[in-house]
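Everything below concerns the one structure shown next.
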Amino acid sequence: MLRLVRTDSDNADFRALVRLLDQDLHLRDGAEHAFYAQFNKVDAIRHVVVAYLDEVPVGCGAFKPFAGEQVEVKRMFVQPAYRGRGIAGAVLAELERWAAELHYTACVLETGKKQPEAIGLYQKSGYQLIPNYGQYIGVDNSVCMQKAL
């Protein structure tokens, strides 16, 4: 049974999953990984969800305040052996519920063209493409999206 736990970036399971995520992204992004890594620090993120399946940490996601009443979704990951089971969608939905409870009105996010499964998840979850924002402006590999809560 899937269990979703709200926590923060001090959670050891979250940090272990993020290390696996960074390894995966390093393989996908190659030389571009260092550029993206600078924007993905997890210190002091106060809103983290860790997914457990039979007490095994299998996925995670987080959000942080972005601009005005928006949050930015960060560090979404599901271990490869557990993909295709709806875990990422459950984590994303829990992050959105939490953000709405805190009176945020929208989520934004950035993902990469080399992560088609992530793009598919976000589109299926109701996210729409938007122009690249902030540090991602002009970055060809970046895909930015938004969803109203």
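Rule-based calculations on the coordinates, nothing more; no lab input. Owing to the predicted nature of the structure, the values given are computational and were not obtained by experimental measurement. Here the Cβ is made from the backbone with ideal geometry for all residues, glycine too, and neighbour counts use every protein chain on show.
Placing unit charges on the Cβ atoms of the charged side chains and taking the dipole of the chain about its Cα centre, the candidate lying farthest along the positive direction among 18, 77, 123 is 123. Between amide H atoms placed 1.01 Å from N, distances below 5 Å from residue 72 occur with 64, 66, 108, all of them 5 or more places distant or on a separate chain. For the chain, with equal point scatterers placed on the C-alpha atoms only and solvent neglected, what are the log10 I(q)/I(0) values from the Debye formula at q = 0.11, 0.17 1/Å, to two decimals? The Debye formula, applied to the Cα set alone, gives -0.37, -0.97.
Where only DSSP H runs of four or more residues are counted, the chain gives -9500 deg cm²/dmol as its mean residue ellipticity at 222 nm, each run worth -39500 (n - 2.57).
Under a Cβ-only charge scheme (Lys and Arg +1, Asp and Glu -1), can you give me the dipole magnitude of the chain about the Cα centre, in debye to the nearest 20?
200 debye
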